[in-house]
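**Student:** Take a look at the following structure, please.
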Ligand SMILES: Cc1cc2nc3c(=O)[nH]c(=O)nc-3n(C[C@H](O)[C@H](O)[C@H](O)COP(=O)(O)OP(=O)(O)OC[C@H]3O[C@@H](n4cnc5c(N)ncnc54)[C@H](O)[C@@H]3O)c2cc1C
């Protein structure tokens, strides 16, 4: 009578969970485990709101698993170095024959898993791993020359060309033959930290996530192409926190989207095609992390950008971190993240470009700041987004194409509604002036004067990139 252990990580769901399905089909009894490492959470700069969201979701996952006769236990481990030993002790103690998990991306995670396999093997325990975050195994899709893709458009083309509808088969979860022999225990999970963002915006649970997906596809997906860039309009799905912890699977998202578009990727409903593109962007960045491990080790993709002389001003950093740069659209984006744990995609790009180009500060500081506050903090997408915005990454924006935050504000928040929502100091400023930082106009409010000159800072950034390029070619 084989006993299986399903090790939950960033896949906190029953639906479309290949590791869980394998455990259920191969073992008569299944036990589930979640292993939390506080130090690793901190090393990865994961946010407090994401931690709270994680715990809320684990509590609901426990209930769902129990209804299938599977108990969930949670344990703490000191670090990823200790984790394989701790996992193995539980597996030995519970007389487990086989451990199952879904893969995660990142250098530390890969080493952790290799060590886990080794420890388990030494104790005659089998292990099996699966991919649930991507449709294609990482590194599977290659360019004509046999290299990994580093540009999105050809990657997406190949992704669609190779697609087979069978990839979207999702197995139904079945009950194991025997219920778990021990009770669930989540007492090790404690949320002790605080944060200022509103967790109420993010109800937990798989059914909530599926409902959000269905609501978006039914009522908003049609207009996604037109409305996705307006931060004041709730025109995107806001499912990123659920994808980040695996409460919802990307395969489920693609399948439900395709069902509403006659299973077409490139024709038919423009909104759905565009939205599925975004899910593929997520997979693209996972492939980048797999094929170019240096990007998960704090390194830029573009070698020459190592030589950029980033500035470092504590005063400017403090103003940026608190949403007081004096550029209303930038500050509104930052304040949205501090209040909601989430920032609209258009503003993530505007904010990241302002930080790395106009302020000329190292993208790694911005990447860390986002991770520390986002509920959807996702190593691959956040790293990809920051490296794209700072022109250090794959498929990056050319360094001389720098968003002008004022034009971005006029184009995407024309009535200044978003700015007024997050910067109450500016609520009485006339719309015609709200985008443009003006010392005299804002002086009657508590809102700061602009921290820099846009034109001069743009020239400074372009020069810094040029210098770095010349440095490498010497
Ligand atoms: C500087 C920067 C940092 C970012 N950090 C993160 C992060 O930590 N976590 C995260 O999930 N996304 C990140 N993104 C990508 C994107 O901003 C968010 O995924 C998106 O805003 C989430 O909102 P949504 O769920 O409503 O997206 P929708 O527009 O509804 O898109 C659906 C899903 O597609 C994926 N997606 C959308 N846009 C992108 C993108 N550009 N790159 C990769 N995947 C995408 C997300 O999983 C998203 O939930 C970042 C982008 C930038 C420019």
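The values are calculated or read from the model by the stated rules, or taken from the named source; none is laboratory data. Keep in mind that what you see is a predicted model, and the values were worked out from it rather than measured. Here the Cβ is made from the backbone with ideal geometry for all residues, glycine too, and neighbour counts use every protein chain on show.
**Student:** For the condition over 28 Å from residue 52 (Cα atoms), more than 12 Å from the ligand (Cβ to nearest atom) and in contact with a strand residue (DSSP E or B) (Cβ under 7 Å, 6 or more places away or on another chain), what is the one hit in 219, 291, 267?
**Tutor:** Of 219, 291, 267, the one residue that is over 28 Å from residue 52 (Cα atoms), more than 12 Å from the ligand (Cβ to nearest atom) and in contact with a strand residue (DSSP E or B) (Cβ under 7 Å, 6 or more places away or on another chain) is 291.
**Student:** Is segment 229-246 home to any residue that is assigned to a helix (DSSP H, G or I) and either in contact with a strand residue (DSSP E or B) (Cβ under 8 Å, 6 or more places away or on another chain) or away from the ligand (no atom under 12 Å from the Cβ) (or both)?
**Tutor:** No: segment 229-246 contains no residue that is assigned to a helix (DSSP H, G or I) and either in contact with a strand residue (DSSP E or B) (Cβ under 8 Å, 6 or more places away or on another chain) or away from the ligand (no atom under 12 Å from the Cβ) (or both).
**Student:** Considering every residue within segment 110-132, establish whether at least one is at negative phi, under 17 Å from the mean Cα position of the chain (by Cα) and either part of a loop (DSSP other than H, G, I, E, B) or not assigned by TED's automatic domain parsing to the domain that holds residue 13 (or both).
**Tutor:** yes
**Student:** I need the full set of residues from segment 323-342 which are within 13 Å of the ligand (Cβ to nearest atom) and either outside the structural domain of residue 366 (by TED's automatic domain parsing) or within 21 Å of residue 450 (Cβ to Cβ) (or both), in order please.
**Tutor:** 330, 333, 334, 336, 337
**Student:** Say we look at segment 81-105 and pick out the residues that are surrounded by fewer than 20 Cβ atoms within 10 Å (Cβ to Cβ) and farther than 20 Å from residue 27 by Cβ; which of these is nearest to the chain's Cα centre (by Cα)?
**Tutor:** 81
**Student:** A further question follows. Pairs please, first residue from segment 233-253 and without any contact (Cβ under 8 Å) to a residue 24 or more places away in the chain, second anywhere and within 9 Å of the ligand (Cβ to nearest atom), Cβ atoms under 9 Å, 6+ apart in sequence or on different chains.
**Tutor:** 234/220; 235/220; 235/224; 235/228
**Student:** All but one of (1) in contact (Cβ under 8 Å) with a residue 40 or more places away in the chain; (2) away from the ligand (no atom under 11 Å from the Cβ); (3) closer than 28 Å to residue 459 by Cα hold for residue 296; state the number of the condition that does not hold.
**Tutor:** It is condition (3) that residue 296 fails.
**Student:** Looking at segment 153-168, I want the residues that are assigned to a helix (DSSP H, G or I) and have a partner that is surrounded by 13 or more Cβ atoms within 10 Å (Cβ to Cβ) with Cβ atoms under 6 Å, at least 6 apart or on another chain. Which pairs are those?
**Tutor:** Going by the 6 Å Cβ cut-off, the qualifying pairs are 155/149; 155/284; 156/280; 158/141; 159/280; 160/265; 167/135; 168/255.
**Student:** Let me ask something else about it. Does residue 174 meet the test of being at pLDDT 95 or above and not in a strand (DSSP E or B)?
**Tutor:** no
**Student:** Across segment 254-264, which residue is nearest to residue 341 (Cα to Cα) among those that are in contact (Cβ under 8 Å) with a residue 40 or more places away in the chain and outside any helix (DSSP H, G or I)?
**Tutor:** Among those residues, the one meeting the criterion is 260.
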